[in-house]
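Colleague: I have a structure here, written as C-alpha cells, and I will follow up with some questions on it.
The values are calculated or read from the model by the stated rules, or taken from the named source; none is laboratory data. Computed from a predicted structure; not experimentally measured. Cβ placement follows ideal geometry from the backbone for every residue including glycine, while neighbour counts extend to all protein chains displayed. Ligands, DNA and RNA are excluded from the accessible area calculation, which covers all protein heavy atoms including side chains. Shrake-Rupley method; radii C 1.70, N 1.55, O 1.52, S 1.80 Å.
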Amino acid sequence: MCGIIGYVGEQSAQPRLVAGLQKLEYRGYDSAGIALVDDALSVYKQVGLVGELDLPADSPQTCGIGHTRWSTHGKPTDANAHPHTDCTGDVAVVHNGIVGNYDDLRAELPGHEFRSETDTEVVAHLVEEELTRTDDLREAVAAVVDRIEGSYALGVVAAGYDGIVAARRNSPLVVGHGSDGNFIASDVTPLLEHTRSVSYLEDGDVAHITREGVSVWHDGDPVERTVKTIEWDADAAEKGGYEHYMLKEIHEQPQALRQAIAGRIDPLEERVDLDLSLSASFLDDVDEIQLVACGTSYHACLYGKQLLETLADVRATVEFASEYTVGSGRDPERTLVVGVSQSGETADTLRALRMARRTGIRTLGVTNTVGSTVARECDDALYIQAGPEIGVAATKTFASQVVTLALFALSVADSRGELDPAVGAQLLDDLQALPGAVQTILDREDEVAAVADAYAGGEAFFFIGRRFATPVALEGALKLKEISYDHAEGFPAGELKHGPLALVTEGTPVLAVLTDGARPEETHNNVKEVQSRGAPVIAIASESGREGDYEVGFGVPELGLLEPLVANVYLQLFAYCVADTKERPIDRPRNLAKSVTVE
Ligand code: M6R
C-alpha cells in the first residue's frame, strides 16, 4: 500500500503535495517524492520521510503529483522511490498497486533505459511509447492501462500537457473538487483541509483533472461520477471513516488478498510463479519444511503446514519461534526453514532463523515488510503484499500470509511433481474467488455486531474447529482475548472432551467452525456435547450446512480448503464488536506491541 496525491490549480503545487503526503504517510513511509510540471518536469525523490525531501524553497508550478511508498517490488532506495519517469524525462508516474505482468511488459520495450527495480517504471515507458502515437495524454494512459494486469491507482503528468491523468483498478483513488484547484488522492485524508466535495473513481475509469474541472472516461466513453460531501472529521478520515484501524484493516482484506496473488498466477498455464531462488531440484529433494513464527503468524503457519502436506506430500512441521531448536537427525541440505513474520522484526523469529542458518539450513522469510531484517537475512524473501497494518491485532496480514503460503505450497507441489492438476486448478480458482467471498462476510458486519452484542457478557469464550479450521479457532480466540481482554481459548474440536469440556457452561459461548476443509460432520458431535452442557453455539458453516440446530448460524460461500479462512472474517468481526461494546482501546491493547523486538 502506498499513498498518492496530485494537485492542479491556481496555487503553488509543492506545499499542497507535501502536506498531503504527510497525511498519507500511514500508508507507507520508506521513501517519498513529488513531480512538478509546467513546460518542463522536475522530480524530487529520496529514501526517508516526506519531511526529509530535499525540495526548492519555493516553486512556481501549479500542477504536480506525489507519492509516499511502501515497498513491494524493489528495496527502499532513491531510485525505487516514485515518481518514475520515462527515457525522455518528460513523463512522470505515481502508482499504488502492483503491475503483475511488468516483466512481460518490460520485455516488450527494448531500447528503453530502466533505472529502478520497480514494477511501476514500466508504466512511464509505456506512456512514452504511446505519446509517439498520440499527443493526448489521456488517450495514451488509457491505452497503457489496457495492457496492465494487476492493480493500480495511477497519477500521470507530462511536460507541456495540461493537468493530471488518473486511472484506477482495484486500488483506491478519490478526486477532490476544490475552489482553487482539483486533486487526486489515495483517500480523503489529505483533501479535507481544501475541500469536502469528492468523487470516487470506479474500476476501469480514466480521468483528466485540470484546474477547470474533472472529466472521466470508461471504456472510451465519457461518464459522470457523483460528487459527494464528506462529513468525517480528520481523525475518522485517516481511518477511512472507520472507528479503528483494526476495523479498517479487516475491511481491507479483499484488496490485500488480491495483492497477495497479483502477478503470481499464470492464468494460461494455471501455474504459480513466485520468483524465488530456491531451485526446483532443492524443493524436489527436501525432506522437511519447518515453519517458525509467533502469535498470529504461527497460526498462519499451521494452515500452511496442512496445505503443504495436502498438496505437496512433504513433511511440514510448525514450531513457535521462541521454542525452536534445529533438532537432531536433520540433513541441512534437505531441510528448509520458513520464518513467517508480518513485521519481519520479531526477535524470536529472527533468533530461530539465525539458528537454522548457522547450521547451514536454507531459510525463506515470508513477511509484509520489504527491507526488514527477516527479508534481508534469509536466503529468499516472499512478500505477502498486504500493505501497512497499524492495529496491534493482526487481521488482514493473517489472511495474506495464508494465501501466500498456499501459493508456496502449490509451487512446492509443482516442483516435486506431486500436484494433482484438478486439485491445483480448483485451489487457484478458489484463491481468485476468495476476495469476493470475504466481501460477502464483510457485508454482514451488522448481523455479527448484533450477535456480539447479545453474547458479549459471556464468562469465557471457546473456539473449536478441525483440520484447516483448527488454526482459525486458535486465531479467533487470540483476537478476542487480545482486544477484549475476555478469557478465550481455541481448541481442535476433538480435544474438548479431553479436558476443556470441564470449563463449558451455559455462560460460555462456543464459536464452532463447521465449514468444508474442517470435517464438519465430526465437529457437529462436539457441538452437541457443548450444547448438552447448556453452552450457546455460534456456528460458522458452509452455506449449505448453516441451518443446523445452533443458537446462531452464519454461512460461508463454497470455497473448498479456503472456507475456514473466510470463516475467520466472522471471528475477526466478532472479536472487534465484543471489544467495541466494552470500549477497549482496540488499536493499542494493554501490554501489547505491534512488533515484539525482544526475546
Ligand atoms: O510481526 P510478526 O508477525 O512476527 O508478529 C508476531 C506476533 O507478535 C503477532 O502476530 C501478534 O500475535 C499479534 N498481535 C496478534 O494479533
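Colleague: Please verify whether Y570 is of a type in the set (F, W, Y) and part of a helix (DSSP H, G or I), treating the condition exactly as stated. Reasoning before the result, please.
Modeller: Working: of a type in the set (F, W, Y): yes; part of a helix (DSSP H, G or I): yes.
Judged against the criteria, Y570 is a match.
Colleague: Show me the strands (runs of 3 or more DSSP E) entirely contained within the range 1-50 in which 1 or more residues are within 18 Å of F183 (Cα to Cα) and among the small types (G, A, S). Before the answer, list the steps.
Modeller: On the way: elements: 3-9, 31-37, 41-47.
In the range 1-50, the matching strands (runs of 3 or more DSSP E) lie at 3-9, 31-37.
Colleague: State whether the residues of the range 588-597 include one that is in contact with a Leu (Cβ under 6 Å, 6 or more places away or on another chain) and touching a residue at least 40 places away in the same chain (Cβ under 8 Å). Walk me through how you get there before you give the answer.
Modeller: Taking the range 588-597 and keeping what is in contact with a Leu (Cβ under 6 Å, 6 or more places away or on another chain), we get none.
No; the residues of the range 588-597 include none that is in contact with a Leu (Cβ under 6 Å, 6 or more places away or on another chain) and touching a residue at least 40 places away in the same chain (Cβ under 8 Å).
Colleague: Among the residues of the range 564-599 satisfying the criterion of being more than 20 Å from the chain's Cα centre (by Cα) and among the polar types (S, T, N, Q), which is most open to solvent (accessible area, probe 1.4 Å)?
Modeller: N591
Colleague: Would the range 384-399 turn up any residue that is more than 16 Å from the ligand (Cβ to nearest atom) and in contact (Cβ under 8 Å) with a residue 12 or more places away in the chain?
Modeller: Of the range 384-399, the ones more than 16 Å from the ligand (Cβ to nearest atom) are none.
Within the range 384-399, none of the residues are more than 16 Å from the ligand (Cβ to nearest atom) and in contact (Cβ under 8 Å) with a residue 12 or more places away in the chain.
Colleague: Of the residues V402, V366, only one is part of a helix (DSSP H, G or I) and surrounded by 23 or more Cβ atoms within 10 Å (Cβ to Cβ); which?
Modeller: Working: V366 fails: part of a helix (DSSP H, G or I).
Step by step, each of V402, V366 is checked, and only V402 is part of a helix (DSSP H, G or I) and surrounded by 23 or more Cβ atoms within 10 Å (Cβ to Cβ).
Colleague: Of all the residues that make up the range 282-312, how many are without any contact (Cβ under 8 Å) to a residue 60 or more places away in the chain and either among the charged types (D, E, K, R) or open to solvent by 40 Å² or more (accessible area, probe 1.4 Å) (or both)?
Modeller: The total comes to 5.
Colleague: Identify all residues within the range 443-465 that are surrounded by fewer than 23 Cβ atoms within 10 Å (Cβ to Cβ) and closer than 17 Å to L559 by Cα; write none if there are none.
Modeller: Result: no residue meets the conditions.
Colleague: A further question on this structure: Give me the residue from the range 496-531 that is small (G, A, S) and touching a strand residue (DSSP E or B) at 6+ places or on another chain (Cβ under 6 Å) and, out of that set, modelled with the lowest pLDDT.
Modeller: If we filter the range 496-531 for residues that are small (G, A, S), which is where we start, we get 499, 502, 507, 512, 517-518.
Add one more test, that the residue is touching a strand residue (DSSP E or B) at 6+ places or on another chain (Cβ under 6 Å), and what stays is 512, 518.
On the way: A512: 97, A518: 90.
Step by step, filter the range 496-531, then rank; the result is A518.
A quick yes/no check of all residues on (1) assigned to a loop (DSSP other than H, G, I, E, B); (2) of a type in the set (F, W, Y); (3) out of contact with any Cys (no Cβ under 7 Å at 6 or more places or on another chain); (4) buried (at least 21 other Cβ atoms within 10 Å of the Cβ):
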{"site": "L419", "(1), (2), (3), (4)": "yes, no, yes, yes"}
{"site": "G424", "(1), (2), (3), (4)": "no, no, yes, no"}
{"site": "L431", "(1), (2), (3), (4)": "no, no, yes, yes"}
{"site": "I441", "(1), (2), (3), (4)": "no, no, yes, yes"}
{"site": "A473", "(1), (2), (3), (4)": "no, no, yes, yes"}
{"site": "A502", "(1), (2), (3), (4)": "no, no, yes, no"}
{"site": "L511", "(1), (2), (3), (4)": "no, no, yes, yes"}
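Colleague: Please find, among V366, V370, V337, the residue that is under 20 Å from G74 (Cβ atoms), within 16 Å of the ligand (Cβ to nearest atom) and modelled with pLDDT of 90 or more. Spell out how you get there, then give the answer.
Modeller: Values: V370 fails: modelled with pLDDT of 90 or more; V337 fails: under 20 Å from G74 (Cβ atoms).
The conditions single out V366.
Colleague: Where in the range 153-265 are there helices (runs of 4 or more DSSP H), lying wholly inside it, with at least 2 residues that are more than 28 Å from the chain's Cα centre (by Cα) and crowded, with 17+ Cβ neighbours inside 10 Å? Before you say what the answer is, go through the steps one by one.
Modeller: Working: elements: 234-238, 245-251, 253-261.
Result: empty, no element qualifies.
Colleague: Limited to the range 478-498, what total is found for residues that are more than 11 Å from the ligand (Cβ to nearest atom) and in contact (Cβ under 8 Å) with a residue 12 or more places away in the chain? Full working, then the answer.
Modeller: Residues of the range 478-498 more than 11 Å from the ligand (Cβ to nearest atom): 484-498.
Applying the additional criterion that residues be in contact (Cβ under 8 Å) with a residue 12 or more places away in the chain yields 484-494, 496-497.
Qualifying residue count for the region: 13.
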